[in-house]
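Some notes on the structure that comes next.
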Amino acid sequence: MISIQKKFSEPISKTRLRLWLKLLKTSSRIETELRRRLRVEYGTTLPRFDVMAALSRHTSGLKMSALSSLLRVSNGNVTVIVDRLTEEGHALRISMPGDRRAQIAILTPAGRALFSKLAAIHEAWLDQLLLGLDAEDAATLHALLGKTEGEIDAE
């Protein structure tokens, strides 16, 4: 553990660097565990969960290009996932009126039901993984990270 004396005697840049590394390590460990649980317990992937989450928030569907933009992944990655969801009856791809090349992806009722189940489980897992933070800690950390996000967005 770092002594309080060392914390205050080093440049703030070193403290921020250590914070970044801790955030990265913690985020990576949480993501790895979520990926493992989704794969082992539900035979699915985190990218698939993310696609379903995005489509669940956009009930009228999303253009495939907008979906890839939103998720910050390639069109090819989104296409593969949406194709698989479509094959399983969890999503539909609908041609856009006036633009035969563009398609909209939308969850089916079965896809909505599956996502609803997975979302509840995902939330419970995150609650368990972050058990070391009480409500006040979680709210404070959320606010502080939001402050940092706002600074980055302002640049």
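For T15 and T108 in the same chain, what is the full-extension length gain: residue separation times 0.36 nm, less their Cα-Cα distance, in nm? It would help to have the intermediate numbers written out before the result.
Working: separation 93, 0.36 × 93 = 33.48 nm, distance 4.78 nm.
The T15-T108 span can extend by a further 28.7 nm.
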### Radius of gyration and Dmax over the Cα atoms of the stretch 50-117, both given in Å
11.0, 36
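Per 0.36 nm of contour for each residue apart, how much would the distance between L92 and A154 grow if the chain were fully extended, relative to their Cα-Cα spacing?
Once the chain is fully extended between L92 and A154, it gains 18.6 nm.
Report the full-extension gain for the segment R100 to K117: residue separation times 0.36 nm, less the Cα-Cα distance, to one decimal in nm.
2.7 nm
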### Task
Over 23 Å, how big is the tail of the calculated P(r) for the chain, in percent of all Cα pairs?
53
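Every number in this text was worked out from the coordinates using simple rules, so none of it is lab data. If you're wondering where the values come from, they're calculated on a predicted model, not measured in any experiment.
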